[in-house]
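As C-alpha cells, the structure follows; a few thoughts come after it.
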Amino acid sequence: MTEAVKSSFAYVTYIRTTPEELWAALTTPEFMKKYWFGMNIETDWKTGSPWKLVFPDGRVADTGEIAEIEKPRRLVLRWRSEFKPELHEEGYARCMMEIEPAGEVVKLTITHEIDRPGSKLIEAVSGGWPRILSSLKTLLETGIALPPIGERTR
C-alpha cells in the first residue's frame, strides 16, 4: 500500500486580539470584506453547509463545504477553486483554521492541503494567504486593513 502524496501550505501568525474577536473576524461576511480585499463569503456556518467566496464583481472564486466547525477554536473547509480551470481540475483541498490563546495574543494557524503532489492550487494559496492574513492582523490590531497590492494610500 502506498501513502498518498500531499501538497500543503501552512501559515502561522500571532494577533493581538481574543479568540472570540478573531473567530468573528473569520466568520462575519461584512468584516471579511475589509481584509479579503472586497471578497464576500456566503454560507450559514453550519457543518455540512456549502460556502462560496465571491469577487466584488459577482464572479465566484472558490466553493466548498463546511467540514468542521468548533467555535471559537477550529474551522475546516472543503475548498475548490472555481475561477481558474487548471486549479478547479485538481479537485477539493482541505483548509483548516486553528485558533489558540497564547498569553496576550492569539495564535492563528492556517493549513491548506490537497492529496496531489505539485499542486498548483497550493502554490496559488501560498501566495494569497500571507496577503489576506497580514491584512486581517493589521485590521484587528490597528482598525485599518492593508490596501490591495499595487495601491498606494499616500
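The values are calculated or read from the model by the stated rules, or taken from the named source; none is laboratory data. Quick caveat: nothing in here was measured; it's all calculated off a predicted structure. Heads up, the Cβs are rebuilt from the backbone with ideal geometry, glycines too, and the neighbour counts pull from every protein chain shown. We work out accessible area using only protein heavy atoms, side chains counted, and drop any ligands, DNA or RNA first. Shrake-Rupley method; radii C 1.70, N 1.55, O 1.52, S 1.80 Å.
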The chain, accessible area per residue, ligands and nucleic acids excluded (1.4 Å, Å²)
57
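Rounded, prolate or oblate for the range 84-154? Axes are the square roots of the Cα gyration tensor eigenvalues, ordered a ≥ b ≥ c, and the cut-off for rounded is a/c under 1.5.
Numbers: a/c = 3.80, a/b = 1.40, b/c = 2.72.
Verdict is oblate for the range 84-154.
Where does the charge balance sit around Thr43 when Lys and Arg score +1, Asp and Glu -1, over other residues with C-beta under 15 Å from its C-beta? Present the calculation step by step, with values, prior to reporting the outcome.
Values: positive: Lys33, Lys46, Lys52, Lys71, Arg78, Arg80; negative: Glu30, Glu42, Asp44, Asp62, Glu65, Glu68, Glu82.
Once all neighbours under 15 Å are counted, the net charge is -1.
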Take Lys6 and Lys71, extend 7 Å from each Cα along the Cα→Cβ direction, and tell me the distance between the two endpoints in nm.
2.7
Loop GluC sites (Glu not before Pro), the range 35-125 (other Cβ atoms within 10 Å of the site Cβ: 16 or fewer; DSSP):
Glu82, Glu89, Glu104
Report the rotationally averaged projected area of the chain based on its alpha-carbon convex hull, in square nanometres.
10.4
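Once you have the Cα-Cα distance between Phe55 and Glu98, take 0.36 nm times their residue separation minus that, and quote the gain in nm to one decimal. Don't jump to the answer; show the numbers that get you there.
Details: separation 43, 0.36 × 43 = 15.48 nm, distance 2.49 nm.
Gain on extension, Phe55 to Glu98, equals 13.0 nm.
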Cα convex hull of the range 1-40 - mean projected area over all directions, nm²
4.9
For the Cα atoms of the chain, what angle does the longest principal axis make with the long axis of helix 120-142, in degrees from 0 to 90, nearest 10?
10
Surrounding charge for Glu98, neighbours by C-beta under 11 angstrom, Lys/Arg +1, Asp/Glu -1, total 0
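Could you check how much of the accessible area of the chain is carbon and sulfur, as a whole percent, using a 1.4 Å probe? Intermediate values should be presented prior to the final figure.
Numbers: 4470 of 8740 Å².
Carbon plus sulfur share of accessible area: 51 percent.
Given the DSSP H assignment, sum -39500 (n - 2.57) over each helix run of at least 4 residues in the chain and divide by its residue total; what's the result at 222 nm in deg cm²/dmol, nearest 500? If you can, show how the numbers build up before the last one.
On the way: 4 runs with 43 residues, N = 154.
After summing the helix terms and dividing by the residues of the chain, the value is -8500 deg cm²/dmol.
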List the equivalent ellipsoid semi-axes of the range 49-111 in whole Å, largest first, each obtained as the square root of 5λ for an eigenvalue λ of the Cα gyration tensor.
26, 13, 11
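Around Arg73, with a cut-off of 12 angstrom between Cβ atoms, what is the net charge of the other residues, counting Lys and Arg +1 and Asp and Glu -1?
Working: positive: Lys71, Arg74, Lys107; negative: Glu20, Glu68, Glu70, Glu98, Glu100.
Neighbourhood net charge equals -2.
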Here, Thr138 and Glu42, labelled 7 Å along Cα→Cβ, have an inter-label distance in nm of 2.9
